[in-house]
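This report refers to the structure that appears directly beneath it.
The values are calculated or read from the model by the stated rules, or taken from the named source; none is laboratory data. In this text the structure is predicted, and so the values were computed from the model without any measurement. These area figures cover heavy atoms from the full protein model, side chains too; ligands, DNA and RNA do not enter into them. Shrake-Rupley method; radii C 1.70, N 1.55, O 1.52, S 1.80 Å.
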Amino acid sequence: MTESPTDTGAAAEAERQLLIVEDDAAFARTLGRSFERRGYTVLHASNLEDVEDLLRHHAPGYAVVDLKLNGEASGLACVQTLHRHNAKTLIVVLTGFASIATAVEAIKLGACHYLAKPSNTDDIEAAFGRAVGTTEVELTNRSTSIKTLEWERIHETLAETGFNISETARRLGMHRRTLARKLGKQQVK
């Protein structure tokens, strides 16, 4: 069966369709404009329900997903939903809560790359281009510092608790304010 010109055009448009899953409307708008200037058609969702609604009518070829969304939602659930909908969608996870544990889970659930914030459009587009792994990554002999190990343990526990700061602090045996300070945030109520 041959494709008609309209089928080919629709397929090409879907290939350049980008879904941004981000609850920070200003950041999503800025990132969206930047990708539109590069020829992408941009869709925006701020939570898992929005993602599910958009997927009923669209099949984006690319997605940028924030790991921590407002409320109980995790970007990992969005990654899983996007991957289930279309395993060929290239998904990049952005996070201010980078850890090995969440990076591994994001990749297992279908993300092609995982970037720590701040990342710009160039970084994200480059990550889409590096969807296939490489053996050329430089290995270092540097040992992990105590500070890095602490940071990774905090983020692993955050991911386990669905980014609930109070529960994370309880599990880590630290005061909630101490944890909030370590995360560089305002006091969580």
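Tabulated data
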read-out: 5 angstrom amide H check on residue 42, placed H, neighbours 5+ away; value: 18
read-out: Residue 24 accessible area, 1.4 Å probe, all protein chains in place, Å² to nearest 10; value: 80 Å²
